[in-house]
Amino acid sequence: MGGDEHAWETLLERYGRLIWSVPLRLGASRAEAEEVFQRTWIVLVENLGKLEEPESLAAWIASIARHQTWQLFDEARRRGRARSWEGETHRTEEQVESTEVLLLESERLELLGKAISSLDERCRQLVELLFLTEPRPSYSEIAERCGIAVGSVGPIRARCLERLRTTLERLYQGRRTGDSWEKER
């Protein structure tokens, strides 16, 4: 990606919130989070070529942000400034990793939402009724709402899920290669 402005913009769009969230969740002020944000991007620029597993980019970026936050806090402590993170607002590494898992799950849900919204109306309605409606309607209720025969729900469901799977794979691959969703449509 060296020098490709669009690629860097895509990275910033995709992972900027993740970088900001790490220091803030560790108890950093907004000014400190801004400093961590800048430091994280510098480390990323200097080391992106060393990343061996592109699919772990988000975890790697979160780890860089976490280490940059702790480094900033250590620098403040050495200068004699007490840090609130050492007290009540301190987050354990386990809590931070849990936060990172939630952020990654949020990204997956965002992709799923895009994939579902790209389905045709019948498939979108069927998927929403089958998997997103509580309480879950029966096949006969689904058939009635969709205006199809009860015996058609299963086969249509299979075709719609296959379309959803294909779209998710394309979206996920686009995320890994830096392609935008708009380019793939």
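Bear in mind that the values in this text are calculations on the coordinates, not laboratory data. This is a predicted model, so every value here is computed, not measured. Ideal geometry is used to build each Cβ from the backbone, glycine not excepted, and the neighbour counts take in all protein chains shown.
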> So what's the range 115-154 giving for Cα Rg divided by 2.2 N^0.38 Å, two decimals?
Replying inline: 1.09
> How much FRET efficiency would the formula 1/(1 + (r/R0)^6) give for residue 47 and residue 112, where r is the Cβ-Cβ distance and R0 is 22 Å, rounded to 0.05?
Replying inline: 0.10
